[in-house]
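The values are calculated or read from the model by the stated rules, or taken from the named source; none is laboratory data. Because the structure is a prediction, the values reported are computed rather than measured. Using ideal geometry, Cβ is built from the backbone for each residue, glycine included, and neighbour counts are taken over all protein chains shown. Just the protein is used for accessible areas: all its heavy atoms, side chains included, with ligands, DNA and RNA removed. Shrake-Rupley method; radii C 1.70, N 1.55, O 1.52, S 1.80 Å.
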Amino acid sequence: MAASTLVSAWGPLRPGVPGLCRCRQPRGLWAHAWRLPEPAGSGRSVAAVSGPGISGTDRYCLELLRKRDYEGYLCSLLLPAESRSSAFALRAFNVELAQVKDSVSEKTIGLMRMQFWKNTVDDIYCDSPPHQPVAIELWKAVKRHNLTKRWLMKIIDEREKNLDDKAYRNVQELENYAENTQSSLLYLTLEILGIKDLHADHAASHIGKAQGIVTCLRATPYHGSRRRVFLPMDICMLHGVSQEDFLRKSQDKNVRDVVYDMASQAHLHLKHARSFHKSVPVKAFPAFLQTVALEDYLKKIQQVDFDIFHPSLQQKNTLLPLSLYIQSWRKRY
């Protein structure tokens with residue numbers, strides 16, 4: 001997957017060369033920006049969204065998302081009202097699983113926590129969820145939308161396999177992980193929206209893979225600070241880059257070429273997902289709003305010439321709520 005083979009998919013991605021263009025935002029929409037929640041740190045957003053009748057378990061999921069998956073929190077807010085609480089539960093379930101790896105000191109403990117969630121999903125489908133906030137809300141979502149158990153179990157199984165601190169052997173291995181986690185999450189979100197459509201599933205598959213690749217890139221500085229590197233070994237070997245190069249935050253061209261190849265692959269998946277745009281039911285578009293954050297990161301990394309450690313990539317996009325609202329209003333993904 002050399003950089004040269006991906007140029008046709010994305011074009012020459014270097015500063016000064018136009019990539020994907022951003023449409024001019026309608027000025028009138030700025031007046032609606034206040035409707036979206038403030039960044040983490042403000043308790044007003046949860047109170048405004050939840051209302052006085054919210055349950056304690058629902059509030060727990062809201063707070064967990066707002067603190068641990070802010071982008072997912074924002075995207076869930078833009079789903080239809082009748083689907084929102086189930087989406088919060090689903091994403092909170094994903095957060096609980098995702099943070100196991102970084103919260104345990106031994107793999108055995110991680111395996112025990114994953115087994116808890118396997119048992120929990122089994123209990124949910126037997127109508128006897130444990131007294132755990134996310135489990136209770138997930139049970140409500142399963143009952144309300146008849147969610148497919150297979151997708152929930154795939155997410156757990158894949159997260160469990162990923163407890164080992166090993167780099168991905170190749171891009172396909174990373175994409176398989178993303179398919180079984182991020183794409184499965186999107187398949188479930190489509191079920192919450194009442195969508196059963198092959199084209200929507202294809203789009204979800206590609207968006208999930210793009211999400212997995214971008215997440216791997218975004219987390220590289222954090223993992224490097226803990227002396228871990230998970231970038232696919234085949235691309236690193238292709239450019240003669242070692243794990244140590246990432247640990248010492250090298251800015252050599254070869255290191256940036258590795259990042260370029262990864263970013264190009266993520267962009268290619270977004271392009272494939274959007275190729276189904278005319279065939280995907282409009283009702284499914286809210287499930288795919290995370291493409292806004294993915295595209296934002298890919299544009300930013302292009303602007304800094306694929307320097308994955310550039311400080312600007314660690315800054316939160318304060319305009320993301322507005323960008324998501326505009327994309328939702330335009331009914332696009």
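Some points to look at:
- Fully extending the segment from residue 197 to residue 226, taken as 0.36 nm per residue of separation minus the present Cα-Cα distance, adds 6.3 nm.
- Taking 13 Å as the straight-line reach from the Cα of residue 140, the aspartates and glutamates in range (excluding those fewer than 8 positions away in the same chain) are 58, 82, 123, 127.
- A 1.4 Å probe run over the range 56-149, with the rest of the protein chains in place, finds 45 Å² accessible per residue.
- The distance linking the range 185-200 with the range 252-322 is 22 Å (Cα centroid to Cα centroid, whole angstrom).
- Summary value for the range 254-333: 45 percent relative contact order, contacts being C-alpha pairs under 8 angstrom separated by 6+ residues.
- Nitroxide proxy distance, nm - points 7 Å out along Cα→Cβ at residue 237 and residue 123: 4.4
- Cβ-based net charge around residue 208, under 13 Å, with every Lys or Arg adding one and every Asp or Glu removing one: -2
- Across the range 56-149, C-alpha contacts under 8 Å between residues 6 or more apart give a mean separation that, scaled by the residue count, equals a relative contact order of 33 percent.
- Formal net charge of residues neighbouring residue 223 (Cβ-Cβ distance under 15 Å; K, R +1; D, E -1): +3
- In this calculation the C-beta distance from residue 116 to residue 253 is compared with R0 = 35 Å, giving a FRET efficiency of 0.15.
- Förster-model FRET efficiency, 25 Å R0, residue 330 and residue 144, C-beta, rounded to 0.05: 0.30
- Virtual paramagnetic centre 7 Å along Cα→Cβ of residue 164, amide N under 16 Å, in the range 204-238: 229-234
- Pairs from 107/209; 196/316; 166/196 whose Cα-Cα separation, in the structure shown, is over 29 Å: 196/316; 166/196
- Inter-site label distance for residue 173 and residue 304 at 7 Å from Cα along Cβ, in nm: 2.7
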